[in-house]
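To start, the structure under review is shown below, and the notes come after it.
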Amino acid sequence: MSRVAVVTGGTRGIGAAVSRALAGAGYKVAATYHSNAEAAARFHAETGAHVYKWDVGDCDACAAGLAKVAAELGPIDVLVNNAGVTRDGMFHKMTLEQWRAVMSADLDSLFHMCRPVIEGMRERGFGRIVNISSINGQKGQMGQVNYSAAKAGEIGFTKALAQENAGKGITVNAICPGYIATEMVTAMPKEVLDKAILPHIPVRRLGEPDEIARCVLFLVSDDAGFITGSTLTANGGQYMA
């Protein structure tokens, strides 16, 4: 029987690439989204993937959404926490709303999503959790104190949860992408990309969403059963941890 995988923010960008890769590998995929219904509908039409709408920053919505997925597709074996937001600004001008929005979507969401599924994974003796962090959670980034703090928190969350569940057949790992050629990044002015970003990436190019998806595919596979609590950097050499 195919394993069930949930991918948050799974209808656009990196999340969409992960959803497609998992579906191609035989998983039953539930891709979640929050606000962009048009993109979600287009993704569903293109792939036929199961699409669900809820806010990962809402604990009750996550519990209800995950229960619906389990009822319709089966017990959840794989969870990829990819959804997140940015609310950039220099810290001395940052508002509490900017701080809370990022913490809710990027860090609180890991509790909201993992807590409802972890007991079932423990009972079944199998689980794969992959948290999509960021290069900026490793090195920090000016104008992103909120985002860098949340993404660094994801790494700590990953290591602790991995220790608690290693003896139950559950692995928990993090991936820290660098600059990936998503809609948000490629929409930057070419001059900014060419002068301020690419020169700092030793491989001299942006990463591709499919490259992150292949990292996820490996970490959720049986072949990666001995890897847990790890942080996989995928940034073209921009930051070597």
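Values quoted throughout were computed directly from the atomic coordinates according to the rules given, and no laboratory measurement underlies them. Quantities reported herein were computed from a predicted structural model and do not represent experimental measurements. Backbone-built Cβ (ideal geometry, glycine too); neighbour counts: all protein chains shown.
For the stretch 78-147, the calculated P(r) over all alpha carbon pairs, in 5 Å bins from 0 to the bin holding the longest distance, is 3, 16, 22, 20, 14, 11, 7, 5, 2, 0 percent.
Only lysines eight or more places from residue 28 in sequence, or on another chain, were considered; those with a Cα closer than 25 Å are 53, 68, 168. What is the set of long-range amide H partners of residue 79 at a cut-off below 5 Å, with H atoms built 1.01 Å from backbone N? Under 5 Å from the amide H of residue 79: 6, 128, 129, 130.
Based on the alpha-carbon gyration tensor of the chain, what equivalent-ellipsoid semi-axes (square roots of 5 times the eigenvalues) come out, in whole Å, largest first? Walk me through the numbers on the way to the answer.
Numbers: eigenvalues 147, 74, 71 Å².
Over the Cα atoms of the chain, the ellipsoid semi-axes are 27, 19, 19 Å.
Rg then Dmax, both in Å and based on the Cα atoms of the stretch 75-116: 13.1, 45.
Apply 1/(1 + (r/R0)^6) to the Cβ-Cβ distance of residue 164 and residue 192, taking R0 = 35 Å, and write down the FRET efficiency to the nearest 0.05. Could you put the intermediate results ahead of the total?
Working: r = 42 Å, r/R0 = 1.20.
With a Förster radius of 35 Å, E is 0.25.
So for the stretch 25-142: antiparallel DSSP bridges make up what percent, rounded to the nearest 5? Close to 0 percent.
At 0.890 mPa s and 25 °C, plugging the Kirkwood radius over alpha-carbon pairs of the stretch 72-191 into Stokes-Einstein gives what diffusion coefficient in µm²/s? Don't skip to the answer; put the middle values down first.
Numbers: Rh = 15.5 Å.
In µm²/s, the coefficient rounds to 159.
Taking every alpha-carbon pair under 8 Å whose residues sit at least 6 apart, the stretch 4-232 reaches a relative contact order of 20 percent. Full extension of the segment from residue 88 to residue 184, taken as 0.36 nm per residue of separation minus the current Cα-Cα distance, would add 33.2 nm.
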